[in-house]
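*Asks:* A single structure is presented below for examination.
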Amino acid sequence: MSAPVDLTILADDLSGAAETAAEFLDREPLPTLALHPVDADRGGVTIVDLDSRTLSEAEADRVLRTALDAVPDDRLVMYKIDSLLRGHVGAAVDALARRGPVLLAAGLPALRRTVRGGVPYVDGVALHQTDLWHWEAASAPQTVAELLRRHACDGLSPRDIPSAVAAGAVAVCDIASEADLDEAVRIALPTPGIHFVGTSALAAALARTLPPATVDAAAPAVDHGSRGVLVVVGTAAASAVDQVRALCEQGAAHHELDAVALLAGHPNSDGLARLLTDHPVVVVTLRGSSEPGHRRALADRLGRLVAAADRAAASRPDLVLTGGETARAVVDALGIRSLRPVGVVHHGAVVSRTSDGRHVVTRPGSFGDRGSLVDSVIHLASAQKHALFATTTLRNPS
């Protein structure tokens with residue numbers, strides 16, 4: 001069965017929204033990536049970044065309700081969640097369940113993030129036994145259903161979905177493979193009023209029900225000359241340290257900011273502006289940590305500093321932004337109002353064009369191997385038709 005062509009997907013951060021939009025690049029209709037909840041009423045396939053993951057639960061619920069109020073009742077709706085189950089998953093499921101039945105499929109098999117017996121696993125280790133929630137104020141859940149306030153049936157196979165939703169329960173499926181997701185979508189789609197909750201892998205399963213695109217979403221890039229690349233790393237993921245080191249080994253200039261000083265408003269943008277003028281690749285990172293409740297303020301300060309340096313630099317660079325909150329803060333501070341996804345560097349690292357003509361790679365903080373940032377920069381360099389690194393070749397061309 002084919003999914004309706006009017007599909008609205010609501011995401012709680014920008015990197016996740018872009019990751020989801022990329023799943024529809026080879027499908028018809030091509031996706032739109034919107035940055036404001038009131039744009040959720042657009043036709044076709046629309047992915048909306050609600051920018052709500054680190055809001056308070058009450059504020060996140062208000063933003064989600066605003067988006068849902070804009071969505072016609074007969075349109076298929078999916079809420080995209082973080083593959084590590086961070087964010088206000090329970091509140092989002094509540095809001096959707098008031099509109100109709102809910103299927104929750106939380107796996108992301110491509111990154112070995114699965115659900116078995118209702119328990120989320122990462123590389124075969126139960127999520128609550130990893131340190132992947134070390135930046136969160138709460139502890140990682142032992143089961144997916146633990147995050148919900150409504151009655152849920154978990155550990156389900158796809159064939160159990162109809163009976164679970166008929167009983168008024170949230171159907172929480174075990175997911176080990178893309179085939180499981182395809183089967184869950186196939187069985188759930190005929191259910192009147194069904195709402196989907198899951199990762200970008202669930203969105204990909206919905207995309208596979210749509211016809212192939214008849215045009216190339218990634219049309220040839222306009223050569224705008226060498227403008228350099230600015231990489232902004234706002235993630236707390238441990239893997240980012242090695243990714244930044246690999247980038248610096250290729251010759252990137254490293255600009256490290258103290259998180260506490262940034263929150264206090266002390267750093268200025270002059271040093272970063274000089275680096276952007278003098279070096280083809282610059283990477284910005286944060287040193288130290290802050291309280292979880294300060295994360296949004298920290299991202300906003302970082303975004304404003306980057307925007308000030310961008311305005312002062314000799315040319316406006318293309319961007320690589322890691323961590324959804326950081327990505328959104330930088331995009332907002334730069335005054336970028338729209339993004340058009342056009343390609344993928346690797347899973348989760350999505351290339352978009354901006355309304356002012358530059359390219360932006362967004363990527364969740366926990367994604368990518370050691371060469372992820374290097375590959376992203378080289379991908380942008382190929383669009384610029386300019387070699388930013390002298391010797392490295394792109395390992396994963398798209």
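The values are calculated or read from the model by the stated rules, or taken from the named source; none is laboratory data. Since this is a predicted model, take the numbers as computed values, not measurements. Cβ sites come from the backbone with ideal geometry, for glycine too, and all protein chains shown count toward neighbours. Ligands, DNA and RNA are stripped out before the accessible areas are found, and what is left, the full protein with its side chains, is counted by its heavy atoms. Shrake-Rupley method; radii C 1.70, N 1.55, O 1.52, S 1.80 Å.
*Asks:* Please name all residue pairs, on different chains or six or more residues apart, with Cβ atoms under 9 Å, provided the first residue is in the stretch 303-316 and is under 7 Å from residue 333 (Cβ atoms) and the second residue is among the hydroxyl-bearing types (Ser, Thr, Tyr) and at pLDDT 95 or above.
*Replies:* Pairs that qualify, where the first residue is under 7 Å from residue 333 (Cβ atoms) and the partner is among the hydroxyl-bearing types (Ser, Thr, Tyr) and at pLDDT 95 or above: there are none.
*Asks:* Does at least one position in the stretch 128-143 carry a residue that is free of Cβ contacts under 8 Å to residues at least 12 places away in the same chain, out of contact with any strand residue (DSSP E or B) (no Cβ under 8 Å at 6 or more places or on another chain), closer than 23 Å to residue 53 by Cβ and among the hydroxyl-bearing types (Ser, Thr, Tyr)?
*Replies:* Within the stretch 128-143, one or more residues are free of Cβ contacts under 8 Å to residues at least 12 places away in the same chain, out of contact with any strand residue (DSSP E or B) (no Cβ under 8 Å at 6 or more places or on another chain), closer than 23 Å to residue 53 by Cβ and among the hydroxyl-bearing types (Ser, Thr, Tyr).
*Asks:* Does the stretch 22-38 contain any residue that is of a type outside the set (S, T, N, Q) and within 26 Å of residue 141 (Cα to Cα)? Show your work before the answer.
*Replies:* Taking the stretch 22-38 as the starting set, the residues that turn out to be of a type outside the set (S, T, N, Q) are 22-31, 33-38.
Subset that is within 26 Å of residue 141 (Cα to Cα): none.
The answer is no, given that none of the residues of the stretch 22-38 is of a type outside the set (S, T, N, Q) and within 26 Å of residue 141 (Cα to Cα).
*Asks:* Hey, another quick one. Would you pick out the residues in the stretch 108-126 that are buried (at least 18 other Cβ atoms within 10 Å of the Cβ), at pLDDT 95 or above and among the hydrophobic types (A, V, I, L, M, F, W, C)?
*Replies:* Answer for the stretch 108-126, where residues must be buried (at least 18 other Cβ atoms within 10 Å of the Cβ), at pLDDT 95 or above and among the hydrophobic types (A, V, I, L, M, F, W, C): 108, 115, 119, 122.
*Asks:* Same structure, new question: What tally of residues in the stretch 260-274 results from selecting those that are out of contact with any Pro (no Cβ under 7 Å at 6 or more places or on another chain) and open to solvent by less than 30 Å² (accessible area, probe 1.4 Å)?
*Replies:* We begin by selecting, within the stretch 260-274, every residue out of contact with any Pro (no Cβ under 7 Å at 6 or more places or on another chain); these are 260, 262-274.
With the extra rule that they be open to solvent by less than 30 Å² (accessible area, probe 1.4 Å), the set shrinks to 262, 269, 271-273.
Residues that pass the stated criteria total 5.
*Asks:* Could you run through the stretch 337-362 and say how many residues are in a loop (DSSP other than H, G, I, E, B) and open to solvent by less than 30 Å² (accessible area, probe 1.4 Å)? Step through it out loud before you land on a result.
*Replies:* Filtering the stretch 337-362 for residues in a loop (DSSP other than H, G, I, E, B) gives 337-338, 347-348, 355-358.
Those still in the list that are open to solvent by less than 30 Å² (accessible area, probe 1.4 Å) too: 348, 358.
Looking only at that region, the number is 2.
*Asks:* I would also like to ask the following. For the stretch 127-153, what are the residues that are surrounded by 14 or more Cβ atoms within 10 Å (Cβ to Cβ), at pLDDT below 95 and out of contact with any helix residue (DSSP H, G or I) (no Cβ under 7 Å at 6 or more places or on another chain)?
*Replies:* Answer for the stretch 127-153, where residues must be surrounded by 14 or more Cβ atoms within 10 Å (Cβ to Cβ), at pLDDT below 95 and out of contact with any helix residue (DSSP H, G or I) (no Cβ under 7 Å at 6 or more places or on another chain): 132, 133.
*Asks:* Would you mention how many residues in the stretch 42-66 are out of contact with any strand residue (DSSP E or B) (no Cβ under 8 Å at 6 or more places or on another chain) and more than 24 Å from residue 212 (Cβ to Cβ)? Working first, answer last.
*Replies:* Step one: list which residues in the stretch 42-66 are out of contact with any strand residue (DSSP E or B) (no Cβ under 8 Å at 6 or more places or on another chain), which gives 43, 51-63, 65-66.
The next check asks that each one be more than 24 Å from residue 212 (Cβ to Cβ); those that pass are 51-63, 65-66.
Going through the stretch 42-66 one residue at a time, the tally reaches 15.
*Asks:* Follow-up question, since we're still on this one. Got a sec? Which of 89, 93, 63 is open to solvent by less than 10 Å² (accessible area, probe 1.4 Å) and in contact with a helix residue (DSSP H, G or I) (Cβ under 6 Å, 6 or more places away or on another chain)? Walk me through it before giving the result.
*Replies:* Working: 93 fails: in contact with a helix residue (DSSP H, G or I) (Cβ under 6 Å, 6 or more places away or on another chain); 63 fails: open to solvent by less than 10 Å² (accessible area, probe 1.4 Å).
On inspection, the qualifying residue turns out to be 89.
*Asks:* Among the residues in the stretch 379-398, are any of a type in the set (Ser, Thr, Tyr), modelled with pLDDT of 65 or more, buried (at least 21 other Cβ atoms within 10 Å of the Cβ) and in a helix (DSSP H, G or I)? Walk me through it before giving the result.
*Replies:* Pass one, the stretch 379-398, residues of a type in the set (Ser, Thr, Tyr): 382, 391-393, 398.
In the following step, the residues that additionally are modelled with pLDDT of 65 or more were identified as 382.
Within this subset, residues satisfying the condition of being buried (at least 21 other Cβ atoms within 10 Å of the Cβ) are none.
Among the residues of the stretch 379-398, not one is of a type in the set (Ser, Thr, Tyr), modelled with pLDDT of 65 or more, buried (at least 21 other Cβ atoms within 10 Å of the Cβ) and in a helix (DSSP H, G or I), which makes the answer no.
Results for (1) at pLDDT 95 or above; (2) under 17 Å from residue 320 (Cα atoms); (3) in a strand (DSSP E or B); (4) among the aromatic types (Phe, Trp, Tyr), shown as yes or no for each residue.
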residue	(1), (2), (3), (4)
218	no, no, no, no
224	no, no, no, no
227	no, yes, no, no
235	no, yes, no, no
241	no, yes, no, no
246	yes, yes, no, no
262	no, no, no, no
268	no, no, no, no
275	yes, yes, no, no
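*Asks:* Just checking, which of 301, 296, 311 is in a helix (DSSP H, G or I) and crowded, with 20+ Cβ neighbours inside 10 Å? Lay out the reasoning, then the answer.
*Replies:* Working: 296 fails: crowded, with 20+ Cβ neighbours inside 10 Å; 311 fails: crowded, with 20+ Cβ neighbours inside 10 Å.
After ruling out the rest, the residue left standing is 301.
Here is a yes/no grid of residues against (1) modelled with pLDDT of 95 or more; (2) farther than 19 Å from residue 360 by Cβ:
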{"residue": "1", "(1), (2)": "no, yes"}
{"residue": "39", "(1), (2)": "no, no"}
{"residue": "63", "(1), (2)": "yes, yes"}
{"residue": "72", "(1), (2)": "no, yes"}
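*Asks:* As an exercise: evaluate residue 334 against (1) open to solvent by 10 Å² or more (accessible area, probe 1.4 Å); (2) under 19 Å from residue 263 (Cβ atoms) and give the number of the one condition it does not meet.
*Replies:* Here residue 334 meets the rest and fails (2).
*Asks:* Let me ask another. Taking residue 201 and the conditions (1) at pLDDT below 95; (2) among the small types (Gly, Ala, Ser); (3) closer than 30 Å to residue 353 by Cβ, which numbered condition does it fall short on, given that it satisfies the others?
*Replies:* Answer for residue 201: the failing condition is (1).
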